Amino acid sequence: MLNNKIKVVALLSLVLTIMTSCAPQIKLISSWTKYQVKVKSSPVIMVMVLGKPNSEIRQAAENSIVARLKKDGYKAIPASGIIQPGVQKPDSAQLVGVLRENKIDMLLATAVVNVTEKERFIPTGIQGESVAPAGGIYSSAYNPYYNNYFGYYNYYVPAQTIDAPKVKGTTVTDVEVMIESRLFQVSKPELIWYGKSTAYTKEFSKSLINTFSKLAVDDIRKNNLLIK
């Protein structure tokens, strides 16, 4: 019976590990749209990703979002193609000048706003020793005789220690990266869309960046903020 329990626990641990590894590494968890807003058709959109100066990930993210917008038939340019890549964050006056000079209608700005790391232990089986009752009807924890001290004394069955296989587990670090995206209408100026995404890794691969780009652009389109 105990061996079966060990197998069940090990199986559950394996299933948990598989589910964790198969979970999407990035997803859009919430969004907000300013409805009843009049947007310009065929807008020129500048995509800006804030972050460390000269960051390859920052530039890759901008290019990915721009490529997604262009694929869907919209006009878009990366901010890194206009603003020097060594600039972490342009001041407001400089940004306004850039937007006007390049006749930008919308600004899609994205930034990582929080990173949380937490260690988690994933067992691959039962470790150490397992304590189990010796057996018999009176060994049950739900035995009614245990409701008073003399019944407990008379019918108590000592527990026996059973050696369980010692299997090492794995310690993993869960990473949660919070990303905020904001779409502004430049002419007003006003915020017309906001999206919050969560990534579960700090290693932003090309595939992960492309997935994020699709999530953001698809949600903006779904809310009728991009008109050709």
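No lab work stands behind these numbers, since they all come straight from the coordinates. Just so you know, these numbers come straight off a predicted model, no measurement behind them. Cβ placement follows ideal geometry from the backbone for every residue including glycine, while neighbour counts extend to all protein chains displayed.
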Past 29 Å, Cα to Cα: identify those pairs from 52/75; 103/202; 52/206, in the order given. 103/202
In the neighborhood of residue 194, defined by Cβ-to-Cβ distances under 13 Å, what is the net charge if each Lys or Arg adds +1 and each Asp or Glu adds -1? 0
For residue 201, residues with placed amide H under 5 Å, excluding near neighbours: 177
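Which FRET efficiency value, to the nearest 0.05, is calculated for residue 70 and residue 173 with the Förster distance at 35 angstrom and r the Cβ-Cβ distance?
Working: r = 37 Å, r/R0 = 1.05.
It comes out at approximately 0.45.
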